[in-house]
Amino acid sequence: PHLPSFPTRRSSDLDGDKVLYERAFGDRQVEPERIPMTVDTVFDMASLTKPIATATSVMSLVQQGKVDLDQPVSSYLPEFSGNGKEEITARELLLHVGGLIPDNALKDYENGPVEAWERICSLKMIAPRGEKFAYTDVGFIVLGKLVERISGVPLNEFAADQIFRPLGMLETGYLPDLELQKRAAPTEQRDGEWMRGEVHDPRAYRLDGVAGHAGLFSTASDLVRYGQMMLAAGKAEGSVLNEETFHEMTKPHQV
């Protein structure tokens, strides 16, 4: 497939348009056997899922005019209301100042995604919106649901269609296939089995591997492509974010 080009923006060779050094060190697995690291190792991205998949997907919808960051999330997700949550905005969730708990109980996820979402919608706030910074997985689970509701497709499909494939990030996504799983670095054990290509985060795992806060897998070279897009600040041909959206996404906020 055609891959977008990210042109040099300065005369220096130390720029974001090319890889200057790429080498693997150490091991990607040490138990039950040692396997050397490779440059094409697939990694569980953990909370890098938040900016790369979820926040970028939200900003794609903003760019399309389908989401207003300063409208209450409940205007898009009516069930996300009650206990003071009805006025929380998407911007506040992106900035972790929505007043939500960092993580709700793991037992809230034991009966699958439908009941887990009902439990999230019934949560009480831990602080008034906009007044306290509290890094929260819950807020990004809500943002992932927002992407799904507005786009009409699951978060993994939207991110693949709107971000990863257009950028040439062909080995990035949720629920990696068997070939990618073979190259994945294991994390730790679940029920006596090593997790390899299976999401480590226990809440994302119980959400069938697709969630706004965790679940993404990628390689170093694919992340470079995302980084090149961001370094180009929305000015490169093939970027999924235009300049206005890039600056909206990256401008500083007092939190």
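Recomputing Rg/Rh (Cα atoms, Kirkwood Rh) from the coordinates shown identifies the correct label among (1) 1.39; (2) 0.98; (3) 1.10 as (2).
With all protein chains present, how much of the accessible area of the range 93-206 (probe radius 1.4 Å) comes from carbon and sulfur, to the nearest whole percent? Of all accessible area on the range 93-206, carbon and sulfur atoms account for 49 percent. Per DSSP helix of 4 or more residues, -39500 (n - 2.57); summed, then divided by the residues of the chain. What does that give at 222 nm, rounded to the nearest 500? Result for the chain, helices only: -7500 deg cm²/dmol.
Of all DSSP bridge pairs formed entirely within the chain, close to 90 percent run antiparallel. Note that the range 117-156 carries a Kirkwood radius of 11.5 Å, evaluated over its alpha carbons pair by pair. 3J(HN,Hα) couplings calculated from phi for the range 57-66 with the Karplus curve 6.51 cos²θ - 1.76 cosθ + 1.60 (θ = phi - 60°) are, in sequence order, 5, 4, 5, 5, 5, 4, 4, 7, x, 9 Hz; Gly and Pro show x. Here the range 123-249 has an Rg and Dmax of 16.5, 48 Å, counting Cα atoms alone. A 1.4 Å probe run over the protein chains yields, for the chain, 50 Å² of accessible area per residue, whole-number rounding. Taking a ≥ b ≥ c as the square roots of the eigenvalues of the Cα gyration tensor, the range 161-219 is classed as oblate, since a/c reaches at least 1.5 and a/b does not exceed b/c. Proximity of backbone amide H atoms, modeled 1.01 Å from N, is registered between D27 and M37 at under 5 Å, excluding neighbours fewer than 5 places apart on the same chain. Taking 0.36 nm per residue of sequence separation and removing the Cα-Cα distance, the E157/L223 pair yields an extension gain of 21.9 nm. Legend: distances between Cα atoms for K107/K145; K18/K235; K132/K251; K145/K235; K107/K182; K85/K145; pairs beyond 23 Å are K145/K235; K107/K182. For the range 78-105, the residues whose backbone nitrogen is under 13 Å from a point 7 Å from the Cα of K132, taken along Cα to Cβ, are 97-103.
The values are calculated or read from the model by the stated rules, or taken from the named source; none is laboratory data. Just so it is clear, the model here is predicted, and its values are computed rather than measured. All Cβ positions, even for glycine, are placed from backbone atoms using ideal geometry, and neighbour counts span all protein chains on display. SASA here: full protein model, heavy atoms, side chains in, ligands and nucleic acids out. Shrake-Rupley method; radii C 1.70, N 1.55, O 1.52, S 1.80 Å.
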